[in-house]
Amino acid sequence: MATRLRLIAILGGIFGGFAAWAFIHEPRYSGHPLPATTTPLIFAHRGFGDYAPDNSLYAVEKALAAGMDGVDVDGQLTRDSVLVIYHDLSVDRLTSGSGKVRDLPSSTILSLDLGPKHDSAVTGAPVRTFEDFVAAVKGRGILMVELKVPGTKPTGIEQQAVEIIRRHGATESVILSSFNPFVLRRIKKLDPDVRTAMIFMDTNWNPELLAEIRPEDRVDLPWVLRQEWIRRAFRKYAKPDYLSINHEVDDDVTERLIAKGWPVFIWTVDTRDDIEDAIEEHPWGIISDQPLRVKEILAR
């Protein structure tokens, strides 16, 4: 009996120590970000925010011409496993097409124009591949791409993204981001030099996000990814280089992570008050649908 109790005590101590390390301990940042700057980097959300067609290369070109440091867009696989830049799971809201991206061949997706739904006077803003974006942005700014993978199983999206980044020598020009820590872990196992960012928020959906998608495209953010104590363990597991934190996350969480040395992007801050509040946090970067407004405030 005494031996059994000692064994239980030892196992309990080991489990308790591991749990404390995983869920309570917050180590100093140890990744490899891009060089620091004296002011936050300005990233245009979805290409060029509210100023151009959503997730289009047309928008990215305008953002870079306007002096943005980088752009934030979304990537997902087509039916024939081509990595394209597109936000919604379905093409209906942003184009004249119909159906889910994963159910359509790349030839169909790449023929769709993102311009007219944004502005009837805009044409010539077709959906483009991830590789097109990498080739266009490399050497001119930073391309942050959220890889949309709702489940835990591999889909091949990480391998394709990493291979394209390697082929273009773009490890310092591209950041692969995701809410999904398993995606980030797989990227780091494929190539530790590829930059990654872990995205998170404390809520599931808010009115702003719900307005951006069709109801049938809604994918709930799991409860575990909305709890900071569990995310602390996932950060150790995924080993991201950056954190992309929603501006509604508790300020104490954001401040503590920045104090630990984490390069933090705050998203999506659009109003003057939210932008000024974000700047006061001293983040690495700010992601906004109003990047010109951010640039104006920072210039002051």
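The values are calculated or read from the model by the stated rules, or taken from the named source; none is laboratory data. Since the structure is predicted, the reported quantities are computational estimates derived from the model, not experimental observations. Note that each Cβ is placed from the backbone with ideal geometry, even for glycine, and that neighbours are counted across all protein chains shown.
The set of residues in segment 20-69 that are modelled with pLDDT of 95 or more, aliphatic (A, V, I, L, M) and farther than 20 Å from LEU298 by Cβ comprises ALA52, LEU57, ALA59, VAL60.
Screening VAL122 on (1) touching a Lys or Arg at 6+ places or on another chain (Cβ under 9 Å); (2) among the aliphatic types (A, V, I, L, M); (3) in a loop (DSSP other than H, G, I, E, B) shows it passes everything except condition (1).
Tell me the helices (runs of 4 or more DSSP H) entirely within segment 148-234 that contain at least 3 residues that are farther than 26 Å from ASP270 by Cβ, modelled with pLDDT of 90 or more and in contact with a strand residue (DSSP E or B) (Cβ under 7 Å, 6 or more places away or on another chain). Filter on segment 148-234 gives 157-167, 181-190.
Would you pick out the residues in segment 243-264 that are part of a helix (DSSP H, G or I) and surrounded by fewer than 20 Cβ atoms within 10 Å (Cβ to Cβ)?
Residues satisfying the conditions are ASP251, ASP252, VAL253, GLU255, ARG256, ILE258, ALA259.
Among the residues of segment 235-263, just one is on the phi > 0 side of the Ramachandran plot and either small (Gly, Ala, Ser) or within 13 Å of the chain's Cα centre (by Cα) (or both), namely GLY261. Any residue at all in segment 94-113 that's in a helix (DSSP H, G or I), among the aliphatic types (A, V, I, L, M) and either in contact with a Leu (Cβ under 9 Å, 6 or more places away or on another chain) or in contact (Cβ under 8 Å) with a residue 60 or more places away in the chain (or both)? Checked against the condition, which is being in a helix (DSSP H, G or I), among the aliphatic types (A, V, I, L, M) and either in contact with a Leu (Cβ under 9 Å, 6 or more places away or on another chain) or in contact (Cβ under 8 Å) with a residue 60 or more places away in the chain (or both), segment 94-113 yields at least one hit.
Screening the candidates ILE287, ILE275 for the property of being buried (at least 17 other Cβ atoms within 10 Å of the Cβ), at negative phi and out of contact with any helix residue (DSSP H, G or I) (no Cβ under 6 Å at 6 or more places or on another chain) yields one hit, ILE287.
Tell me, which residue of segment 63-84 that is within 22 Å of GLN159 (Cβ to Cβ) and small (Gly, Ala, Ser) is surrounded by the most Cβ atoms within 10 Å (Cβ to Cβ)? The residue in question is GLY75. Looking at segment 156-168, is at least one residue surrounded by 22 or more Cβ atoms within 10 Å (Cβ to Cβ), touching a helix residue (DSSP H, G or I) at 6+ places or on another chain (Cβ under 7 Å) and under 16 Å from LEU57 (Cβ atoms)? No, segment 156-168 contains no residue that is surrounded by 22 or more Cβ atoms within 10 Å (Cβ to Cβ), touching a helix residue (DSSP H, G or I) at 6+ places or on another chain (Cβ under 7 Å) and under 16 Å from LEU57 (Cβ atoms).
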